[in-house]
1. Need one word for the stretch 18-85: rounded, prolate or oblate. Basis is the Cα gyration tensor (sqrt eigenvalues a ≥ b ≥ c); a/c below 1.5 gives rounded, then a/b vs b/c decides.
2. Give me the 1.4 Å probe accessible area per residue for the stretch 1-85, excluding ligands and nucleic acids, in Å².
3. State the percentage of accessible surface on the stretch 15-77 attributable to carbon and sulfur atoms; use a 1.4 Å probe and exclude ligands, DNA and RNA.
4. Sticking with the crude label model, points 7 Å out along Cα→Cβ, report the distance from Lys69 to Asp9 in nm, one decimal please.
5. With a 10 Å radius around each residue's Cβ, average the other Cβ atoms per peptide and rank 16-26, 45-55, 61-71, highest first.
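The values are calculated or read from the model by the stated rules, or taken from the named source; none is laboratory data. What you see is a predicted model, and the numbers here were worked out from it, not measured in a lab. With ideal geometry, Cβ positions are generated from the backbone for all residues, glycine too; neighbour counts draw on all protein chains shown. The accessibility values were calculated without ligands, DNA or RNA, using every heavy atom of the protein model including side chains. Shrake-Rupley method; radii C 1.70, N 1.55, O 1.52, S 1.80 Å.
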Amino acid sequence: MQSRNRFGDVLNISKDQWVHEVTQASIGGVYVLVHLYQDSIIECALMDEALIVIANKYQYIKICRIKSKSAVENWPDQNLPTLFVYKDNELAIQLLTLDRLYGKQMKPIGR
């Protein structure tokens, strides 16, 4: 169980770290969540708060964050926050905005 619970926090990454920290890290059944964000968008701050709680509670999930323009040069702010979930070297889930998560009223469970 200890080897499974090896993460527990949100890791800031750069574009050149993406392959190692996200794609390669997801090999072997590890879930890697990546939050694309911008500091000026309040919904991104809400997602950050939720991801801190999730990282602490589910330490077997690797959680990273990267500024959207650093990750994808022309990523539109209207798609933020964006959450990518990788597993086994592939994008498994893509979630754009908080619309499906109760918008600005979103709160992490267990808070």
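1. Oblate, because a/c is 1.5 or more while a/b does not exceed b/c.
2. Values: 4630 Å² over 85 residues.
Computed with neighbouring chains in place, this is 55 Å² per residue.
3. On the way: 1730 of 3230 Å².
Carbon and sulfur together cover 54 percent of it.
4. Rounded to a tenth, the inter-label distance reads 2.7 nm.
5. Values: 16-26: 15.5, 45-55: 17.7, 61-71: 19.6.
Highest mean packing first, the order is 61-71, 45-55, 16-26.
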